[in-house]
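J.: Sharing a structure with you now.
Quick note: the coordinates plus some simple rules give every number you see, no bench work behind them. None of the values given here were measured: they were computed from a predicted structure. We place every Cβ from the backbone using ideal geometry, glycine too, and count neighbours over all the protein chains shown.
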Amino acid sequence: MEHSVVIDLPSGYRIADVLAFHGRDAEGVAEQVETHGLRKGVLLDGIPTLFDITVDSDRARCRIDCDLPGAESNAAGTDAAPALPIRLQTLAHDALLNILGLRIDPAPFAAFARDDALLGPVLARQPGLRIVQSATVFEALTWAIIGQQINLTFAIALRRTLILQAGRRHASGLWCYPEARDVARLDVEQLTSRKFSQAKADTILRVARMVEDGSLSLDRTRDAAEVSAELLAIKGIGPWTVNYVLLRGFGYPDCSLHGDVAVRAALHQLGASAERPSVQEAERLLERYQPHRTMAAAYLWASLGEKPDPAG
C-alpha cells in the first residue's frame, strides 16, 4: 500500500549531508543512496515500510510503501487506492522528518553563534548545516549502543548484523530496521556468535525487552531530564550514549556531546584549548552554547572536515 508526501524544503537545504549519514553502510542492506535521494527500510508498528525519497532544489518527494497484509487486494472493482491507516501515516511522517534532518531548525543557533569567536567562522563557511536523525528513537538507541568504544567500520558491520538477525525484508527486497519487539525475541548467542561483545549484546537485548514490556518509554515528547535519568539507570549505558540518543533519536536541541572524542578533538583544533580537552573541560567549554549544544556539536563535527557523524 502506497502513500505519497511532498515536503517543501528550506532554502539552502544540504542533501549531501543527509545522503552521507544514511549511506554509511556500503552494502546498502537497509539504505540505498543515490545522487538525489535514498531508499530506506524501517519496521513501523510491525509493518515493513519503504521510504523512497527524491530531493530536488526545493522539495522532497516521498513515496511510502507499506507491506500491509491484504493491501494488494484493492477494493474489488475500484480504481482508488486504499488509504494508509492513520497511525501508520503518523509514524511514517514522523520518521520522514528524522530521515531528512528536519526535526531541529538550525536558524536559532545560526543567530545565536553568528559572532561567536570559535564557531562563527565555521557557521559562515557551512551555512544551513542540519542534524540528520535515525528514522526512529529505537534505531538511534541501538546504534548508539553498537557504536560505543569501537571504530565506525566495525560498528556499521555490527549494525548490519542486527538488521539481518532481527529485521525483515520489504517486498522490494530492502531490509527494514527492526523494532524493539523484533530485537527482544533474539537470544544473546545470535549476536555474540556474530562478533557482538557479551556486554553489547546484553545491553541491546536489555533495552529492547524494556521497551517491549513498557518499562522504558521512547516517546519523543518526554522531558529530556527524565529520559536521561531512566537511560543512565540501565546497565551498559553511559552519558555519551544518552546524549547521542537524545540528539539522533529524540531530536533535543541542547545535547552536550562533551564525551565525544571528535567533539573534543574539534575544540582543540579550533583553538578552544591548548590540547585536547578532558571530558570535564569539554563540558565546561560547551556550556556557552546552551540551549543550542546539539547544533554546536554538529558544527564541531563538520569543522574536522569529515562526515557529519565521524564519531559513529
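J.: Label points 7 Å out from Cα along the Cβ direction at residue 27 and residue 125: separation in nm?
T.: For the pair residue 27/residue 125, the computed spacing is 3.6 nm.
J.: Counting only residues 5 or more places away or on other chains, whose amide H sits under 5 Å from the amide H of residue 29 once H atoms are built in the peptide plane?
T.: Under 5 Å from the amide H of residue 29: no residue qualifies.
J.: Using the charge dipole of the chain (Lys, Arg: +1 at Cβ; Asp, Glu: -1 at Cβ; taken about the Cα centre), state which of 1, 197, 136 has its Cα farthest towards the positive end.
T.: The residue sitting farthest along the positive end of the dipole is 197.
J.: Would you mind calculating the gained length between residue 274 and residue 87 on full extension (0.36 nm times residue separation, minus the Cα-Cα distance), in nm to one decimal?
T.: On the way: separation 187, 0.36 × 187 = 67.32 nm, distance 5.20 nm.
Between residue 274 and residue 87, full extension yields 62.1 nm more.
J.: Under 15 Å from the Cα of residue 235, which aspartates and glutamates turn up, not counting those fewer than eight places away in the same chain?
T.: 202
J.: At 7 Å along Cα-to-Cβ for each site, give me the label-to-label distance between residue 35 and residue 261 in nm.
T.: 3.6 nm
J.: A follow-up question, please. Put a dot 7 Å past each Cα toward the Cβ at residue 217 and residue 4; how far apart are the dots in nm?
T.: 3.8 nm
J.: Give me the dipole magnitude in Debye, nearest 20, for the chain about the Cα centre, with unit charges on the beta carbon: positive for Lys and Arg, negative for Asp and Glu. Walk me through the intermediate numbers first.
T.: Details: 33 positive and 39 negative charges, 120 e Å.
My answer is approximately 580 debye.
J.: Would you list, by chain and number, the aspartates and glutamates whose Cα falls below 15 Å from the Cα of residue 40, excluding same-chain residues fewer than 8 positions away?
T.: Cα-Cα hits under 15 Å: 2, 25, 27, 31, 52, 65, 67, 94, 139, 179.
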